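Okay, structure first, notes after.
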Amino acid sequence: MKVYRHTQLGDMSTLNVREEAFPSVGYGQVLVRVQASSLNFRDIIIAQGHYPFGIVENHVPLSDGAGVIEAVGDGVRRFAAGDRVMSGFFPNWFGGRIPAHREQYQKEHDGWLTEYLVISAEALTSIPDHLTFEEAAALPCAALTAWSAVSGVGPGDTVLTLGTGGVSIFAIQFAKALGARVISTTSSNDKFDKLTALGADELINYKEKPDWHKAVRELTAGLGADRIVEVGGPATIAESVRSIREGGQVSIVGALGMEGEAIDIMKLFFSQATYKVISVGNRSDLEEMNRAVAAHHLRPVIDSVFSFEDARSAFDRLSNRNVFGKVVIRN
């Protein structure tokens, strides 16, 4: 089988395809013929050698993938040969609290940038029937993070999303499906039409309005947003504190900008809001999300699709940060 391995992190020229023998299927495992995989910004950080949670060289990249089960090992009851499946972001977190030893692709497990993958059947979830493999491969990380970030939102709530990254785009789709009003920020007026088409009700250009909390307050009769999907970290958190409604929730899902204004602790305290760090989600969350995706017939936004042979170009595409939707590799 053909498989990519990154033998020297920090040097993309060492991410090359090679031929390896088929792995054997053990008890409780399945053999997946991978049809598509997708990139997250986490994959860029790993490739650059900057991942803060431990790095394993000579790994197979990518945590997000989808395919067809070719063979099942003894003891497998969840799936049968021919089933369409997708990865869960954490292979051993099935529900409840985060495990003390949470496993990850590209660390404890080889990832999905390969023709075939042997993995525990427990690490997989069925694909909603209406999705293609490319669309399914876009869901495990960014979509589930967004789903977890807006969990509990209901009709009439106002959700604020920041920027046009994968999590923010999914958050708009899920928030609208849940009946919420959505305010979205972006740095480019050129993206207004795309965000409106996704369901955003109000738009703010944060380059033109760097103190965008004022615009959020104006759009909410002075109350602020009920839920904020906070992706900027130090670059945006102070504005999010100013924008949250009293008793609302700021879902902290990333840190795309490492420099910014210090948080005013008194404003944080008097917001009486919940500040919740989102760590993607577990298999049970993913199954719940997929039921919502199927019920509302939602489809991920795909920025671009690259061939398996041209996988390094997919990394280049995401690295430039000028994308709208998911970058996908098709086998």
Computed over the chain: relative contact order in percent, which uses C-alpha pairs under 8 Å that are six or more apart: 18 percent
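For the range 175-331: lysine pairs with Cα atoms under 15 Å, gap of 8 or more or different chains, count?
Qualifying lysine pairs in the range 175-331: 4.
Using the Cα centre as the reference, give the magnitude of the dipole from point charges on the C-beta atoms of the chain (Lys, Arg: +1; Asp, Glu: -1; all else neutral), rounded to the nearest 20 debye. Please report the intermediate quantities before stating the final value.
Values: 32 positive and 39 negative charges, 88 e Å.
Taking the Cα centre of the chain as origin, the dipole is about 420 debye.
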Ranked on Cβ counts within 10 Å of their own Cβ, fewest leading, Glu287, Glu309, Glu230 go Glu309, Glu287, Glu230
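Give the dimensionless ratio obtained when the Cα radius of gyration of the range 226-331 is divided by 2.2 N^0.38 Å.
For the range 226-331, the normalised Cα radius of gyration is 1.37.
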Below 8 Å between Cα atoms, with a sequence gap of 6+, how large is the relative contact order for the range 144-277 in percent? 21 percent
How big is Rg to Rh over the range 144-277, alpha-carbon atoms, Rh as the Kirkwood inverse-mean-distance radius? 0.92
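Sort Arg245, Arg330 so the one with the fewest other Cβ atoms within 10 Å of its own Cβ comes first.
Ascending number of Cβ neighbours within 10 Å: Arg330, Arg245.
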Of all alpha-carbon pairs in the chain, indicate the percentage at a distance above 37 angstrom. 17 percent
Using a basic spin-label model with each label point 7 Å from the Cα along Cα→Cβ, how many nm lie between Arg18 and Glu218? 5.8 nm
Put +1 on the Cβ of every Lys and Arg and -1 on every Asp and Glu Cβ in the range 124-192; which of Asn189, Phe174, Ala143 then has its Cα farthest towards the positive end of the dipole? Asn189
Along the charge dipole of the chain, pointing to its positive end and built from +1/-1 on Cβ of Lys, Arg, Asp and Glu, which listed residue (Gln106, Leu268, Gly199) has its Cα farthest out? Leu268
Theoretical ellipticity at 222 nm over the chain - DSSP helices of four or more residues, -39500 (n - 2.57) apiece, nearest 500: -6500 deg cm²/dmol
Mean-square fluctuation check for the chain, GNM, Cα pairs under 10 Å: which of Gly199, Gly65, Gly49 is largest? Gly49
Each label sits 7 Å from Cα toward the beta-carbon; between Arg312 and Phe192 the label points are separated, in nm, by 4.1 nm
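Bear in mind that the values in this text are calculations on the coordinates, not laboratory data. A quick note: this is a predicted structure, and the numbers were derived from the prediction, not measured. Positions of Cβ are generated from backbone atoms using ideal geometry, with glycine treated the same way; all protein chains shown enter the neighbour counts.
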